[in-house]
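Notes follow once the structure below has been shown.
The values are calculated or read from the model by the stated rules, or taken from the named source; none is laboratory data. Owing to the predicted nature of the structure, the values given are computational and were not obtained by experimental measurement. Neighbour counts are summed over all protein chains in view; Cβ atoms, including those assigned to glycine, are modelled from backbone coordinates with ideal geometry.
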Amino acid sequence: MSNVLGETEIEVPIETFPIHKEKDASSLASKLPPHRIVLILIGLALVASAALFMRWDWLPQYGGLILQGLWRTIWILVVTVVLGFLLAVPLGLAQASGPAFLAIPARAFCTVIRGTPLLVQLWLLYYGLGSLFPQYPWIRGSELWPYLRQAWPYAVLALTLSYAGYEGEVMRGAFAGVPKGQLESARAFGMPRFTIFRRIWLPQAIHRALPTLAGEAVLQLKSTPLVATITVVDLYSVASRVRQDTFLTYEPLLLLAAGYLVITGIIVMLFRRVERLIPSKLG
Amino acid sequence: MTANVAVAADPLQPGAAEQAEAIHIENLHKRFGALEVLKGVSMSAKDGDVVAMIGGSGSGKSTFLRCINFLENPTSGVIRINGEDVKMVSDGHGGQVPANRRQIERIRSRLGMVFQNFNLWQHMTLIQNVIEVPVHVLGMKRDEAMAIGEQLLERVGLSAKRDVYPAYMSGGQQQRGAIARALAIQPRVMLFDEPTSALDPELVGEVLKVIADLAKEGRTMLLVTHEMKFAREVASHVMYLHNGIVEEEGPPEQLFGSPKSERLKQFIRTVS
């Protein structure tokens, strides 16, 4: 460096990468390459043959029930994913940087949840708590009793705890994975600890965890049929009912599969959209 | 904030040269386990001073800088910043920790730190990085912070990168952005921790130029650096650290022109 203070070009002409690669939307050919056209045709053929050669005359009769089941599956999924995630944040934080008296219980909780089948947790809560509560008159007399007698609160509780257990572990890794320098520069500017958490640590951890969280939300969707075993009427249990009533084997199951597939597609799409809010190159 | 903190009206023009003492440090010790990194370092910087700290790796110069804003807790010693003595209490393991976290946060928000690895927040665009502390720590209005932030970006030559995420900027651009972020808090003192060490050689110049401009306008700065030539040109006072003590210090002409200590002579020979 011959002249450090001399004329140095300040604006270095480095190309900024576009954050999202722009696709050429105008050309239809790029959106519909030959292999994709073939796949679409095969898909349409399958749907058409299913519609033509299988029996769907039961659909109008069960339409309302199916929609109810679909709605119940969706709200159970959304509520348990949201509540479970809210629990997972402190569980992950406690394990990543909490004092031992918080980290150890958090780790124990995640281990127990991840180490036991969801079906067992569901039954323990429903048959265990559910048979314990009526023995106490003050519970029976409480405002909550009309809810506690029903099955869905136990379903929501079990699925929430399950999601929290798995995601607590995911968030632990995500919190620990945020580079130290990111938090150090926040400290160096006098940010209070909670502000650092809220403004820097949590957003970066969530962003790191998003792809995993999306996958876990899909898994959670496919855990929801278990609630049928404790009498909650979700999409799966409607399909079972149709099978029992009509003695049809495949049609209700195919419709069921299609239903879950569509919900999965929506989940994946929603998470992608959130992920795109921040560019993927972190750290 | 507090009454004894002098806030310059214009962030680009630091307060007039009233020559008050901005940083005063006495007999600072820092020990990591058995290893004593700082063995009694003292320094003082008045407003407008540019103090450069040089020394080989492991000499303790970065640790010293990090002790000033308590990213490391000094083991013992007096630290007075903005005329405010930092109160410390024993941590029970032979070291000490700040008695009052609020005081530390207040002091830190008057010191603009620039890191070796930039450490711009990766989930925010450049302008968001610059206004983050003014808005969310100092309670400045968003519009006001934006206006100041845009001025600062212009002066470090990054107006065009306003809405770009750090990951899409070169090292030199990120470091200039980090300097703008540090300036945005209207700091009493700027702290530079080897600001060019992580840069590709061709990007060093643009960052040094920004720092030199700051020095020229009379900003108080503490600069840990490996760039000897640069230190000689911008510093008003140079400290040479070796093994945790100040081996020699003085005005740059004296230190570089006629070094007394044998070690400093050798150091200057090896780096230049």
Which one is nearest to the other protein chains (Cβ to nearest Cβ) among residues in segment B:92-114 that are over 23 Å from residue B:75 (Cβ atoms) and part of a loop (DSSP other than H, G, I, E, B)? B:109
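The rows are residues; the columns are (1) within 27 Å of residue A:122 (Cβ to Cβ); (2) surrounded by fewer than 13 Cβ atoms within 10 Å (Cβ to Cβ).
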residue	(1), (2)
A:51	no, yes
A:59	no, no
A:71	yes, yes
A:87	yes, no
Looking at A:4, A:89, A:38, A:78 in this structure, which one is hydrophobic (A, V, I, L, M, F, W, C), touching a helix residue (DSSP H, G or I) at 6+ places or on another chain (Cβ under 8 Å) and modelled with pLDDT of 90 or more? A:89
Within segment A:142-194, count every residue that is away from chain B (no Cβ under 14 Å) and either under 17 Å from residue A:111 (Cα atoms) or surrounded by fewer than 22 Cβ atoms within 10 Å (Cβ to Cβ) (or both). 31
Just checking, which of A:96, A:103 is assigned to a helix (DSSP H, G or I), within 22 Å of the chain's Cα centre (by Cα) and of a type in the set (A, V, I, L, M)? A:96
Selected residue (criterion: farthest from the chain's Cα centre (by Cα)) from residues of segment B:147-191 that are without any contact (Cβ under 8 Å) to a residue 24 or more places away in the chain and surrounded by fewer than 18 Cβ atoms within 10 Å (Cβ to Cβ): B:160
Which of (1) in contact (Cβ under 8 Å) with a residue 12 or more places away in the chain; (2) over 30 Å from residue B:129 (Cα atoms) is the odd one out, the single condition residue A:200 does not satisfy? (2)
Would you kindly identify the helices (runs of 4 or more DSSP H) lying entirely within segment A:190-283 that contain at least 1 residues that are closer than 21 Å to residue B:165 by Cβ? A:193-196, A:202-221, A:250-276
Within segment B:161-198, restricting to residues that are of a type in the set (Lys, Arg) and more than 10 Å from every other protein chain (Cβ to nearest Cβ), the one that is farthest from residue B:212 (Cα to Cα) is B:162
Elements of type strands (runs of 3 or more DSSP E) in segment B:24-82, at least 3 residues being within 27 Å of residue B:265 (Cβ to Cβ): B:35-46, B:50-54
Those residues that are of a type in the set (Lys, Arg) and facing chain B (nearest Cβ under 9 Å), I need them from segment A:199-212; list them, please. A:199
Among (1) of a type in the set (S, T, N, Q); (2) in contact (Cβ under 8 Å) with a residue 24 or more places away in the chain; (3) within 14 Å of chain B (Cβ to nearest Cβ), residue A:97 falls short only on (3)
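For every residue, the table says whether it meets (1) within 14 Å of chain A (Cβ to nearest Cβ); (2) free of Cβ contacts under 8 Å to residues at least 60 places away in the same chain; (3) of a type in the set (Val, Ile, Thr); (4) farther than 24 Å from residue B:115 by Cβ.
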| site | (1), (2), (3), (4) |
| --- | --- |
| B:66 | yes, no, no, no |
| B:69 | yes, no, no, no |
| B:75 | no, yes, yes, no |
| B:90 | no, yes, no, yes |
Condition check: of a type in the set (D, E, K, R) and within 30 Å of residue B:175 (Cβ to Cβ). Does residue A:187 satisfy that? yes
I'm trying to understand the selection: among the residues of segment A:265-278, which are surrounded by 15 or more Cβ atoms within 10 Å (Cβ to Cβ) and either farther than 13 Å from residue A:206 by Cα or modelled with pLDDT of 95 or more (or both)? A:267
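Conditions tested, residue by residue: (1) assigned to a loop (DSSP other than H, G, I, E, B); (2) touching a helix residue (DSSP H, G or I) at 6+ places or on another chain (Cβ under 8 Å).
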| site | (1), (2) |
| --- | --- |
| B:135 | no, yes |
| B:140 | yes, yes |
| B:153 | no, yes |
| B:187 | yes, no |
Where a residue in segment B:251-269 is on the phi < 0 side of the Ramachandran plot and its partner, wherever it lies, is among the β-branched types (Val, Ile, Thr), with Cβ under 6 Å and at least six apart: B:252/B:238; B:255/B:238
